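Input: a single structure, listed below in structure tokens.
Bear in mind these aren't lab numbers, they're just calculated from the coordinates by the rules spelled out. Nothing here was measured: the structure is a model prediction, and the numbers come from that model. Every residue, glycine as well, gets a Cβ built from its backbone with ideal geometry; the counts of neighbours run over all protein chains shown.
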Amino acid sequence: MSLNSVVESVTSRIIERSKTSRRRYLTLMERNREKGADRSRLTCGNLAHAVAASSAADKQELVFEQRPNLGIVTTYNDMLSAHEPYGRYPEQMKIFAREVGATAQVAGGAPAMCDGVTQGQEGMDLSLFSRDVIAQSTAVGLSHAMYDGVALLGICDKIVPGLLMGALRFGHLPGMLIPSGPMTSGLPNKEKVRVRQLYVQGKIGKDELMKAEMASYHSEGTCTFYGTANTNQMMAEFLGLMMPDSSFIPVDTSLRQAMTRASVHRLVEISTKGKDPRPMAEVVNEKAIVNAIVGLMATGGSTNHTIHIPAVARAAGIIVNWEDFSDLSAVVPTLCKVYPSGPSDVNKFNEVGGLPTVIAELSGAGLLHRDAPTISENGLDDYARRALMGNDKNVVYTPAKPSSDLEILRGAKEPFHPVGGIQLLQGNLGRGVYKSSAVADNLLTIEAPARVFQSQTAVKEAQKAGELHRDVVVVVIGQGPRGNGMPELHNLIPSLGVELDQGFKVALVTDGRLSGASGKVPAVVHVGPEAQVGGPLAKVRDGDIIRVCARTGKLEALVDEKEWAARTPTKPHRATAGTGRELFALMREVAPSAEEGASPMLFMMDRELEEIGDDVEKGTEV
Ligand SMILES: O=C(O)[C@H](O)[C@@H](O)[C@H](O)[C@H](O)COP(=O)(O)O
């Protein structure tokens, strides 16, 4: 099957748009390779420091031999269930590396927030910017110039994008993400949400709610819904940066361990001193980025990836925008219904075919660049294979099979929807993204009077007071990157869900984010320009009729044009002090829009690189 013409033309325009920035990026990576972080350039003193704590055998290898040394960047902490298993990984990975004549060191650590823990709390305001902190921490670890390949240990929301953004600035090195797998299914996600709504309605007490929450979140491993963490895994496979079919092998199983071992062995092979070097800068190219967007649309992934993919791409000198997402969404069918888009979780999705089947279907329909480079030997086609445990306890692969359950996963010829799961909505209120895959057909158009809020707490109080017991478009402003750092507002979903279930037409419109776990409530998020910089959302007044229509792609205030033009934007109140939020003032000050990736770090980096221009030598050597 030849490549879909829209996929082809979107890719061409991304290549054209990114010409200068990508060239500069690749030149800089070439400079890194020739003059930058490399063990051969370290002095004896540098080296002695770096190996002082290594075992005697490793010392010999690291100082005198030409064997590959892997740098592990870990985001381990044992409060975050998905990352808890990483505590055991480095020691195991060192053993796996030695098996193939290599060494491994922990290059550094980076913080990992759990958005489940901070949801609805002040700490959530740090969440998006923690991605930049992670990227910078990754760079700090890798700056020690000891490494021939990079193993990135991270899973959850901001962590994978942050690790990639940091590692891509060391893109002369080969790199790989190594996941640790989902927890076993606990209380079904749909049931968890039902119990939460009962609590909001006062029908059950805190004890019963706590019981349900703990039955849902019950062990180590990644949360089982298809939220941001699991969309990260999908993205990493579609980018060709993870071992094929490594995303959803359950945590703490023998197959998971065999996969970690296979990942380390392959990373040694693709390392700069290995037999098949594959620098990250070459793997993450324009085609790989387009593949990741196609994967997002086909699976109905997290809206957070409309921010993360532009940011990761930008770290590799590639510029993508929401027009690209929208055009791809128009030709990529929705193949998956995984919670919050359907009742089943990622474990079930994996059982019925999982990502290998999705990739096989999309490739067969000409919707993926099969020639995009990957860390796996034979490119993207390798990702259309299922990983199994072989007799010798090594991972073996077999071709993906068609889905065994068409309620969860379908083929490209009989999709759930002919278009992708995320839509771009725009109009006189700006533009934002909308997760249509999770919304019932009869709610795709909502026209109702606005109620404007400046905080989640105010929305919840209004709901409690019965003020939202009607058709309403809840507009929450001041939640963008420059406002308060762009928190997720997922905590509003039980309250709004209660009103929706009573038959009211309810929608949410905000310049903030929603969790990848947010489902049935129609929501336009990341609306820009944000209210803090005078964007149109700041002009909405209580009672304005707002039209949110995913069928026509419209986001409008049905207000007389003259009256609209004459309105002064409201300046949102800023709650930015306390819980360390004041430390992030610098980031709020310069943060670019969500569509540009909302990374203050990359924004300032681009500004500086623009000044340096093509003369990388001059900019870094003088
Ligand atoms: O997927 C995401 O985008 C999240 O940030 C995710 O981490 C989620 O918000 C929490 O885990 C809460 O999950 P609940 O749906 O159980 O509240």
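Distance from the C-alpha centroid of the range 470-495 to that of the range 346-422: 35 Å, rounded to the whole angstrom. Rounded to the nearest Hz, the phi-derived 3J(HN,Hα) couplings of the range 11-17 under the Karplus curve 6.51 cos²θ - 1.76 cosθ + 1.60 (θ = phi - 60°) are 4, 4, 6, 5, 4, 5, 4, where x marks glycine and proline.
Mind checking the log10 I(q)/I(0) for the range 512-577 at q = 0.26, 0.29 Å⁻¹? Debye, one equal scatterer per Cα, no solvent, two decimals. Relative scattering, expressed as log10 I(q)/I(0), comes to -1.31, -1.37.
Normalise the Cα radius of gyration of the range 235-376 by 2.2 N^0.38 Å (N = residues in it) and let me know the number. It would help to have the intermediate numbers written out before the result.
Values: Rg = 15.6 Å, N = 142, 2.2 N^0.38 = 14.5 Å.
Relative to the 2.2 N^0.38 Å estimate, the range 235-376 comes out at 1.08.
Just order 316-324, 85-93 by mean Cβ neighbour count inside 10 Å, highest at the front, would you?
Values: 316-324: 22.1, 85-93: 17.7.
Ranked by mean Cβ neighbours within 10 Å, highest first: 316-324, 85-93.
For the listed residue pairs K460/K505; K435/K562; K190/K460, the alpha carbons are over 26 angstrom apart in K435/K562. What distance in nm separates the two pseudo spin-label positions at S185 and D615, each 7 Å out from Cα along the beta-carbon direction? Each label point lies 7 Å from its Cα, and together they span 6.2 nm.
Under a 5 Å amide H cut-off, with hydrogens placed 1.01 Å from N, R431 pairs with G528 among residues at least 5 apart or on other chains.
Residues in the range 260-268 carry Karplus couplings, in order, of 5, 5, 4, 5, 5, 4, 5, 4, 5 Hz; the curve used is 6.51 cos²θ - 1.76 cosθ + 1.60 with θ = phi - 60°, and Gly or Pro positions show x.
Quick one: work out the % antiparallel among DSSP beta bridges in the chain, nearest 5.
On the way: 25 of 53 bridges.
About 45 percent, rounded to the nearest 5.
Counting Cα-Cα pairs of the range 94-179 in 10 Å increments starting at 0 gives whole-percent bin shares of 18, 45, 26, 10, 2.
Please list, by residue number, everything in the range 38-56 whose backbone N is under 13 Å from a paramagnetic label point 7 Å out along Cα→Cβ of F64. Of the residues in the range 38-56, 56 have backbone N under 13 Å from the label point off F64.
If the segment from K393 to E377 were pulled out straight at 0.36 nm per residue, it would be longer than the present Cα-Cα gap by 3.7 nm. In terms of overall dimensions, the range 483-544 has a Cα radius of gyration and Dmax of 12.4, 36 angstrom. Reducing the range 288-316 and the range 247-262 to their Cα centroids gives an inter-centroid distance of 25 Å. Taking amide hydrogens as placed 1.01 Å from N in the peptide plane, the amide H of S344 sits under 5 Å from those of Y339, each at least 5 positions away in sequence or on another chain. The Rg/Rh ratio of the range 319-405, with Rg taken over Cα atoms and Rh as the Kirkwood radius over Cα pairs, comes to 1.02.
How big is the dipole moment of the chain about its Cα centre under a simple scheme where the beta carbon of each Lys and Arg is +1, that of each Asp and Glu is -1, and everything else is neutral? Debye, nearest 20, please.
On the way: 66 positive and 72 negative charges, 66 e Å.
Magnitude of the dipole: close to 320 debye.
As a size descriptor, the averaged projected area of the C-alpha convex hull of the range 381-434 was calculated at 6.5 nm².
Sorted largest first, the principal axis extents computed over the alpha-carbon atoms of the chain equal 73, 58, 52 Å. In a fully extended conformation the segment linking K554 and R31 would gain 183.7 nm over its present Cα-Cα distance, using 0.36 nm per residue. Phi angles across the range 172-187 convert, under the Karplus curve 6.51 cos²θ - 1.76 cosθ + 1.60 with θ = phi - 60°, into 3J(HN,Hα) values of 6, 8, x, x, 8, 8, 10, x, 10, x, x, 6, 5, 5, x, 4 Hz, Gly and Pro given as x. Given R0 = 30 Å, the distance between the Cβ atoms of R574 and A215 translates into a calculated FRET efficiency of 0.20.
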